[in-house]
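Encoded as structure tokens, the structure appears first; notes follow it.
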Amino acid sequence: MKKHFKKLPFLLLILLQASFLLAILLEKFNIIPILIFVVSISILMFIAYTKVPMHNNKHLKKDFFAVFFVMLGAILTYYLNVHAALGPVIAAGAVGTAASFVPLLNKKGRLLQGVPAAAYCGAFVGMSSQNVAGNFLFILFASFVAGMLLVFSKNIFHGFGGKLGTVAFGGVALTYLLIFIFLK
């Protein structure tokens, strides 16, 4: 049972990426080049998943500080995006750039080394449109979900590109799904 629980974050990331590709496929089903592209990406993704090394590091209490930094990055980005009217790209860039300097505050401290990645993951959450994320409460919950996904997937795809965006997408998509199911 414990062995299967360790594979849950990996399976969740696969499910998130597959649902994203399926959404593209269903939206552009009648356009043949896009259909071929999505099927090709899906095949390559499957091949890559069979080759990905799985690390079995334990989760430490300090790993859960990443959840706080994801939430902080999301709230700041959403504020700059919506209320300061900077737009999503400039807001995320500003938060990501500011977060990149945090480890310099204490170069020997291991806690601050994870701040840039966590805050940038939160910045992706904070880039959400007001049509999807209507208020700070949505962003707060979505960033909490994304932070938990980030913590539980820390040993998966270490050093691979796209992980932070996938985790942020998962947090926003799961939050939107929960709201749709339970509140609408």
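The values are calculated or read from the model by the stated rules, or taken from the named source; none is laboratory data. These numbers were taken from a predicted model, which means no experiment stands behind them. Cβ coordinates were reconstructed from backbone atoms using ideal geometry, including for glycine residues, and neighbour counts include every protein chain displayed.
Side notes on the structure shown:
- Screening the candidates Val67, Val115, Val145 for the property of being free of Cβ contacts under 8 Å to residues at least 60 places away in the same chain, in a helix (DSSP H, G or I) and closer than 25 Å to Leu15 by Cβ yields one hit, Val145.
- Cβ separations smaller than 9 Å between residues 6+ apart or across chains give the following pairs from the stretch 97-112 residues that are modelled with pLDDT under 85 and assigned to a loop (DSSP other than H, G, I, E, B) to residues that are surrounded by fewer than 12 Cβ atoms within 10 Å (Cβ to Cβ) and not hydrophobic (A, V, I, L, M, F, W, C): Arg110/Lys62; Leu111/Lys62.
- Residue check, Leu183 modelled with pLDDT of 90 or more and either at positive phi or not small (Gly, Ala, Ser) (or both): no
- Of the residues Ile156, Ile179, the single one that is in contact (Cβ under 8 Å) with a residue 60 or more places away in the chain and among the β-branched types (Val, Ile, Thr) is Ile156.
- Filter result for Phe169 (modelled with pLDDT under 95, buried (at least 18 other Cβ atoms within 10 Å of the Cβ) and assigned to a helix (DSSP H, G or I)): yes
- Of all residues making up the stretch 94-104, the number that are farther than 13 Å from Phe69 by Cβ and either surrounded by fewer than 14 Cβ atoms within 10 Å (Cβ to Cβ) or polar (S, T, N, Q) (or both): 3
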